[in-house]
Amino acid sequence: MDAAAELGPGSAVDAVRAELRLAFTSPYVAPLVVAGNAGLVIACWQWLPVGLQDWLFHFHGALAFPMVLATWMLADVPATNVLGNDPERALDVLGDPAALRRLLYAKSVALWLLVCPGCAIVALVVGAATGDWQAAGLIAIWVLLVPAGTLGFSTWLVIDLPYRPRTLAWRWQHRRRGRRTTLRWLTLILAPYGVVPLIEALVLIPAVAVWIATGGEPCTAPLSDDQFLVIVVVSGIVAAAAFLLGHRTAARIAVRRRDDLRAYLADPDRG
């Protein structure tokens, strides 16, 4: 079955299933990257000095760990290089805006399924360890809702500048001939670690503004459960809107740049 058929009208569930099958087919890019980012977060959380942790993570404390974990697990190649990682199927749908949107949505939902439910379970495990079930439950809901708001906008980065997955050996062999390509690749694999947390912070701004407008103190620490509930509800609504808007705009960008994207994605020697 080709991409156009899999992503036809009314086949959203089939599209997500196709993405999950792709994720768990060799070379297992999405699961390996997600697991690698999880390991990186755990290592930094455990062993980095507190000062570096404060600089690296914008949430702190035991119950904040699932929030940081979800953010970082989504801040990488599967979330951003959506066309470059799947050039054949991307080429099939670039001429069909509806199918392209469905492909982008399916990729994001599949990645969400790989990351967010597991992080919500981590939040509940931490809640069991700390005894703070109410806060843990709110954080589990936050993890299920808010990081999803970054997925649409994070695709913009590499829809404008896609790259093909290549082995490190290939990139080393071509380091002299393609210095600009190597520099672009390095920039694009590192940029999501800054871009995705920034998008998440922007998603949170309306929630914090509503909380302050209803009497919250911006410097209060820690937040009460009622205060955090306000932030979770408002940021969840904003995240849902951002998910839809981000993907729709990403599809428009891809359609507008379809000629350049076709030329790039159709060339197997591009890095």
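Reported count of residues in the range 22-71, each being at pLDDT below 75, open to solvent by less than 40 Å² (accessible area, probe 1.4 Å) and part of a helix (DSSP H, G or I), is 1. Taking every residue in the range 153-178 that is touching a residue at least 12 places away in the same chain (Cβ under 8 Å) and surrounded by 16 or more Cβ atoms within 10 Å (Cβ to Cβ) and pairing it with any residue that is of a type in the set (A, V, I, L, M, F, W, C) and outside any helix (DSSP H, G or I), at least 6 positions away or on another chain, the pairs with Cβ-Cβ distances below 8 Å are Ser154/Ala75; Thr155/Val82; Leu157/Ala191; Val158/Val82; Val158/Leu83; Ile159/Val82; Ile159/Leu83; Pro162/Leu83. Within the range 168-184, does at least one residue satisfy the condition of being farther than 30 Å from Ala140 by Cβ and of a type in the set (Val, Ile, Thr)? Among the residues of the range 168-184, at least one is farther than 30 Å from Ala140 by Cβ and of a type in the set (Val, Ile, Thr), which makes the answer yes. If the condition is being assigned to a helix (DSSP H, G or I) and open to solvent by 20 Å² or more (accessible area, probe 1.4 Å), then the range 78-109 contributes Pro78, Glu88, Arg89, Leu91, Asp92, Pro97, Ala98, Arg101, Arg102, Tyr105, Lys107, Val109.
For the range 188-196, state whether one or more residues are more than 24 Å from Leu63 (Cα to Cα), open to solvent by 50 Å² or more (accessible area, probe 1.4 Å) and either part of a helix (DSSP H, G or I) or at pLDDT below 80 (or both). Yes: one or more hits. For the range 135-148, a residue qualifies if it is in a helix (DSSP H, G or I) and modelled with pLDDT of 90 or more, and the qualifying residues are Ala136, Gly137, Leu138, Ile139, Ala140, Ile141, Trp142, Val143, Leu144, Leu145. Can you name every residue in the range 149-182 that is within 22 Å of Ala251 (Cβ to Cβ) and not in a loop (DSSP other than H, G, I, E, B)? If the condition is that a residue be within 22 Å of Ala251 (Cβ to Cβ) and not in a loop (DSSP other than H, G, I, E, B), then Gly149, Thr150, Leu151, Gly152, Phe153, Ser154, Trp156, Leu157, Val158, Ile159, Asp160 are the ones that fit.
The values are calculated or read from the model by the stated rules, or taken from the named source; none is laboratory data. In this text, all values refer to a predicted model and were calculated from it rather than measured experimentally. FYI the Cβ positions are ideal-geometry reconstructions off the backbone, even for glycines, and counts take in every protein chain you see. Keep in mind that these areas ignore ligands, DNA and RNA; they rest on the heavy atoms of the full protein, side chains included. Shrake-Rupley method; radii C 1.70, N 1.55, O 1.52, S 1.80 Å.
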